[in-house]
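Student: Take this structure first; my questions come after.
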Amino acid sequence: MPDEFFSRRGQAFFRWRGAVQGGLWATVGILALTGAVWRLNGVLSWFPLFGVDGPALPMLGVLSFAGGVTGAGRRGLACVLAALGLLALSPLVFCLLAGTALALLTRSGGRGLCLPFAVLPACVPADSVLSVPLLALSILQTGHAASEQKGPVAVVPAFVGIFLLGRLLAETGTVPFVQQALMLACGGWVVWRGCMQALRAEQPWRVVSGLTGAWYGGAGMVLVLALACALDGADAFGATLRLDVGAPVIGLIGLLWLSASMQEHEAEGAGREWSRWALWGTMLPVSAIPPLGGFAVLWSLLVASDYSVQGASPAMALGMVLFVGFQIMTAVLCAAGLLRAGALMRGKSWLNGGLPACLCANVACLLSVVPGLWLAAADTLIVGDSAPGLSVWGAFTVRPAAGESALVPVLLLLALAVAAGLAALVARFLGGSLVYAPARLGAAWREGAPVYSSAADATAQGGTEVSLPFAQAGAMVCGFEGGLTVWRPPGLPALPVRFAVLLRYGRRWLFRGVAWSEGHGMVLLVLLLGAGLLLGLFFGP
């Protein structure tokens, strides 16, 4: 409702309107996830237009986060219509609701006029000749719409496209190779365009919207491989899609809200620390840093590709290797885009200290550490083998269907902590530092980094361009203004003189040993091979 609708008597409700809307969306999300866990499926007898069918409930649970933080107005209405479209059983009703939601998000121009027609494949029979070309066109249209939106509403076109693609491919089954290649090429173009937007855009919201478009293109490609290709790893690709629609998307929704809700003045004091944690909490689940959600998706994708190569033809195996390389390159480009977004949003303030983003960050981190809970709830997201029964250990494990590989994020987190501690001890022993502290900003061409410059900085330096390499961008996100320094715990005494002398002698003999090993590398290699052969002869089976 518009603000002018409320009279003086309705001012109390006007003040609590955001809380009421958030509570309603939270109720919708909880009910949807509960129904997904209990495998609810059916049609309302008294109103047969809506019901629960396939991936509606898991996607509605994630869409509730976007609707809860979007707010009122046209964008909030688009979230409501998209949610109703997910529950629509009739293709005509789905087209009306989803098309209206897309029409509310369109901008001026020819593309905005054609965007509502992206739902036309729902009205075409699945076995029609026009079904796959219209799906490819729909991927391009919804991908462009996702990269052009501002704020959490950017995931609405992406969800509409994934839901439509999954429903139609589930009915169609395996499609010919040329049509598979067409849909994969359209998804790859959406991914590439989103990554380039994230690396070139100057506004933070355009950077994050580009990441949203790249995520949608990658999810569409995985969905095609899971439903339209006759591969041995189709079920593993289905598990990859379930992971991809979980923690990374919720973190991305929080990051979209932060990019669209930036205020003019900068945060100070405790508010600045709180905002920094909100920014980090939304960036980490989206990235491919282990053991969070993005890394679990990349790991599951590699496992699925490994299963697909086994027993496949040489041409199909080569195509799968190229696909994996493309996805790894996409992960690297998205990491660079995330770094740019964090550097552009560093030091800003948000409404209520970024409370919606903190909520999304906490849920995303929880699903990253306990991925089995989301895999059990999103079992009906895609057609395929059911996920194994949920257990205490299974809640902490990512295990693709019909496979022996497993990932435990908690154990990986402990291993990384131990490795970081050992690296710190080795650096202490060698007398060096693991942190690079640049004395000044590098040139614009150094480190392959994008250039970031503002009017104030350009004026201060006489109109010259200010470079922002990746090392400085990471330092800015962490809050280190004048470079990075080695942190020493408070109250830690200095090392005794004798111990320092022993460390110096130890480093000297260590360097001598390394130099000798480099000079006699072939001898050491032969000795190691001989020792391995002897051990194999005496202790082998």
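The values are calculated or read from the model by the stated rules, or taken from the named source; none is laboratory data. Because the structure is predicted, anything quoted here is derived from the model rather than measured. All Cβ positions, even for glycine, are placed from backbone atoms using ideal geometry, and neighbour counts span all protein chains on display. These accessible areas exclude ligands, DNA and RNA; they are computed on the full protein's heavy atoms, side chains included. Shrake-Rupley method; radii C 1.70, N 1.55, O 1.52, S 1.80 Å.
Student: Could you give the C-alpha radius of gyration of region 27-136 expressed as a fraction of 2.2 N^0.38 Å, taking N as the number of residues it contains?
Tutor: Values: Rg = 15.1 Å, N = 110, 2.2 N^0.38 = 13.1 Å.
It is 1.15.
Student: Can you list which of the chymotrypsin sites (Phe, Trp or Tyr not before Pro) found in region 44-99 are DSSP loop residues with at most 14 other C-beta atoms within 10 Å?
Tutor: Counting only loop positions with at most 14 other Cβ atoms within 10 Å, the chymotrypsin sites (Phe, Trp or Tyr not before Pro) in region 44-99 are Trp46.
Student: What is the dipole size for region 165-312, taken about its Cα centre, with +1 at each Lys and Arg Cβ and -1 at each Asp and Glu Cβ, in debye to the nearest 20?
Tutor: In total the dipole reaches around 200 debye.
Student: Still on this structure, I have one more. Scale the Cα Rg of region 104-219 by the rule-of-thumb value 2.2 N^0.38 Å and send over the ratio, two decimals.
Tutor: Compactness ratio reported: 1.05.
Student: With a 1.4 Å probe and every protein chain left in place, work out the accessible area per residue of region 139-188 in Å², rounded to a whole number.
Tutor: Details: 1440 Å² over 50 residues.
That works out to 29 Å² per residue.
Student: Out of the total accessible area of region 210-357 (probe 1.4 Å, heavy atoms of protein only), what percent is carbon and sulfur?
Tutor: Working: 3420 of 5080 Å².
The nonpolar share, carbon plus sulfur, comes to 67 percent.
Student: Treating the beta-carbon of each Lys and Arg as +1 and of each Asp and Glu as -1, no other charges, what is the dipole magnitude of region 138-234 about its Cα centre, to the nearest 20 debye?
Tutor: Approximately 240 debye in magnitude.
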